[in-house]
1. For the chain, what relative contact order do you get, as a whole percent, if you take Cα pairs closer than 8 Å and at least 6 residues apart?
2. With a ≥ b ≥ c taken as the square roots of the eigenvalues of the C-alpha gyration tensor of segment 222-330, please select rounded if a/c is under 1.5 and otherwise prolate if a/b is larger than b/c or oblate if it is not?
3. Show me the ranking of peptides 169-178, 88-97 by mean Cβ neighbours inside 10 Å, starting with the highest.
4. Please check: in the Gaussian network model of the chain (C-alpha springs, under 10 Å), which one of 334, 263, 30 has the largest mean-square fluctuation.
5. Multiply the residue gap between residue 252 and residue 290 by 0.36 nm, knock off their C-alpha separation, and tell me the result in nm, one decimal place.
6. Could you work out Rg/(2.2 N^0.38 Å) for segment 29-204, with Rg from alpha carbons only?
7. Put a dot 7 Å past each Cα toward the Cβ at residue 370 and residue 96; how far apart are the dots in nm?
8. Angle between the Cα long axis of helix 152-165 and the longest principal axis of the chain, 0 to 90 degrees, nearest 10?
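Read the figures in this text as sums done on the coordinates, not as results from a lab. These figures come from a predicted structure and were not determined experimentally. Using ideal geometry, Cβ is built from the backbone for each residue, glycine included, and neighbour counts are taken over all protein chains shown.
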């Protein structure tokens, strides 16, 4: 009790927490690790032909370029097949779709291992790419359903960490198996891993929450779940990926001066880039506030690191430093972009956003590689850096303008 100018007031007492109040949920680690394992299997399968290029092309009696074309075919099928397959399976439980996609991917890997001819391999890889397009789309949406919005960035980073490990570890392990027991054995191992992942998804991953979690962490003028801001960000991120993957297509040429700086040559440079990318994914998972601002910073830093790589010339340690910086900042791009797109989509458009993400990334790979090939054909590998950096910088500017123009945002308080 207190008295102020003759008036008696009662000071409010702090309200003790209710003993029956539910604890705030954390990350569902078992489910996220299983889904991360699924992305590891996916990315390993996508890139495996590049790892076993020489023995695979010799075994099938085709040229290296024909075997390498399997990766381009894969990306094109993912772009074309993702939306129709998501539409066809929209009424099925997502865990059923994820497990079924992994089974189909395992069947495609087994067919590749058994294939008597290049044509059969193309058919099997087409099936595998369609399965992965559906798998990526469904995993993206399901992760957003498993966690509250404030944890979406961390959850996305955990799952995409599996994809990064697929590049860093899965592909080299596939080559090791091929060297040890033949390229077909590598695809058999992939088939078995896919089956195991499907079983774990059914046993460990919950079906998820109902569609609505409440408000999203990034609210736009059109309201949470408005299509326009989501599409705008998607287009700008696609521009980033065209520039980034265009330069990355020729990383073995651009980073060539650094191969003398490390034992193991270019293989070690690629490993360092992969590990730096994994660090970038981990750093992106630490972002709990304004994802849009963090994406602008990572995008601008990617453009700067590309320019630094070009300016390093033949100085091997400077080139290596630029490659490391490029790996860290570009590694942060996918989880930040995916988190922002899913937040902007909201529960209403989450399935659409999930399907957009693999189309976006595979389209960026395909267009970026074609764009870079045209530039390199005219001016050599070094000529790709400036236009690639310019595309990334343009996208960074667009993302910054978009962030400055939006109405006051609300940050999730769950």
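1. Here the relative contact order equals 24 percent.
2. Prolate.
3. The densest-packed peptide leads the list: 169-178, 88-97.
4. Taking springs between Cα atoms under 10 Å, the residue moving most is 263.
5. 10.2 nm
6. Ratio of Cα Rg to 2.2 N^0.38 Å: 1.01.
7. Rounded to a tenth, the inter-label distance reads 3.7 nm.
8. 10
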